[in-house]
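Structure below; questions to follow.
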């Protein structure tokens with residue numbers, strides 16, 4: 001699978017004085033995936049991203065990007081959307097985009113054509129000849145995203161890509177990210193919006209105090225944290241079922257209950273019991289898999305309180 005690796009990070013560390021921001025971190029990012037980097041503020045995410053981009057150099061360890069050490073040519077194959085947004089405020093959007101495309105090695109013609117295509121896709125046709133300062137925050141955010149993918153990079157790194165976007169524009173950006181992935185691009189997404197990670201990311205890295213806490217496929221990590229319990233909605237005396245050790249009712253407007261199972265019971269055995277018991281009906285039956293948000297709090301607070 002080596003040919004499929006876009007970024008390889010091998011035991012990198014970075015200190016500022018006596019503070020170790022990144023501590024012996026290793027991970028890989030694959031082509032054709034959305035890779036989420038998660039962690040509390042000050043966990044080392046931004047430092048790690050800056051080392052991948054060669055803005056900072058690691059004290060120890062090695063980073064390979066797109067097949068080897070990063071160089072100037074490879075930087076033109078990367079797109080970066082930083083959390084601290086920055087655009088030329090008094091320049092027309094189209095002129096700024098063409099200029100930035102040229103800096104990435106595009107011809108004036110290609111940069112202009114591609115910019116107009118992206119602006120149309122982002123429903124910003126009318127903004128092309130406006131100054132950046134005349135755009136709303138959400139429109140500016142979409143322009144920044146367009147700049148990130150303008151030169152058709154192979155790897156993009158996006159920091160809080162949905163910040164300041166309403167649900168409609170969030171959907172537009174999601175579709176562009178999924179398109180980019182379908183075309184074999186690698187996406188690194190740093191965000192605090194766990195719901196977006198659950199929806200979009202294939203794999204994740206969770207770091208705290210510069211160290212790896214969780215790493216792997218999102219679905220697998222959620223399953224590993226699953227309780228031996230099921231969630232049901234419907235009618236019935238759940239506590240009478242064989243294999244149900246405890247029942248917690250959720251008061252959320254639905255008739256939802258969490259059934260904690262005894263060690264020898266399985267979800268299948270409980271479902272079979274419900275099906276054969278008179279007076280019971282279910283509209284929903286699923287494993288009690290925690291949200292990434294719950295896992296994040298559990299892992300980070302568990303570590304910080306250790």
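Could we say that residue 284 is exposed (fewer than 14 other Cβ atoms within 10 Å of the Cβ) and modelled with pLDDT of 90 or more here?
yes
Considering only residues that are in a loop (DSSP other than H, G, I, E, B) and surrounded by 17 or more Cβ atoms within 10 Å (Cβ to Cβ), look in region 88-131 and name the one that is nearest to the chain's Cα centre (by Cα).
122
Follow-up question, since we're still on this one. Take region 193-240 and flag every residue that is free of Cβ contacts under 8 Å to residues at least 40 places away in the same chain and under 30 Å from residue 153 (Cα atoms).
193, 196, 199, 216, 217, 219, 220
Okay, moving on. So, of the residues in region 277-298 that are in contact with a strand residue (DSSP E or B) (Cβ under 9 Å, 6 or more places away or on another chain) and free of Cβ contacts under 8 Å to residues at least 60 places away in the same chain, which turns out to be nearest to residue 220 (Cα to Cα)?
The extreme case among them is 286.
Right, something else. All but one of (1) in contact with a strand residue (DSSP E or B) (Cβ under 8 Å, 6 or more places away or on another chain); (2) within 30 Å of residue 41 (Cα to Cα); (3) exposed (fewer than 13 other Cβ atoms within 10 Å of the Cβ) hold for residue 215; which doesn't?
So residue 215 meets the others, but not (3).
Related question: Exactly one of (1) at positive phi; (2) touching a residue at least 60 places away in the same chain (Cβ under 8 Å); (3) part of a strand (DSSP E or B) is unmet by residue 32. Its number?
(3)
Determine which single condition residue 274 fails, assuming it passes every other condition in (1) surrounded by fewer than 16 Cβ atoms within 10 Å (Cβ to Cβ); (2) modelled with pLDDT of 90 or more; (3) over 22 Å from residue 194 (Cβ atoms); (4) touching a strand residue (DSSP E or B) at 6+ places or on another chain (Cβ under 7 Å).
Answer for residue 274: the failing condition is (1).
Related question: Please pick out the residue among 134, 160 that is assigned by TED's automatic domain parsing to the domain that holds residue 30 and surrounded by 15 or more Cβ atoms within 10 Å (Cβ to Cβ).
Of the residues listed, the single one that is assigned by TED's automatic domain parsing to the domain that holds residue 30 and surrounded by 15 or more Cβ atoms within 10 Å (Cβ to Cβ) is 160.
Still on this structure, I have one more. Can you tell me which residue in region 204-259 is nearest to the chain's Cα centre (by Cα), limited to those that are part of a helix (DSSP H, G or I) and within 30 Å of residue 15 (Cα to Cα)?
The selected residue is 218.
The values are calculated or read from the model by the stated rules, or taken from the named source; none is laboratory data. None of these values were measured; they are calculated from a predicted model. Methodologically, a virtual Cβ is constructed for each residue, glycine included, from the backbone with ideal geometry; neighbour enumeration extends over all protein chains shown.
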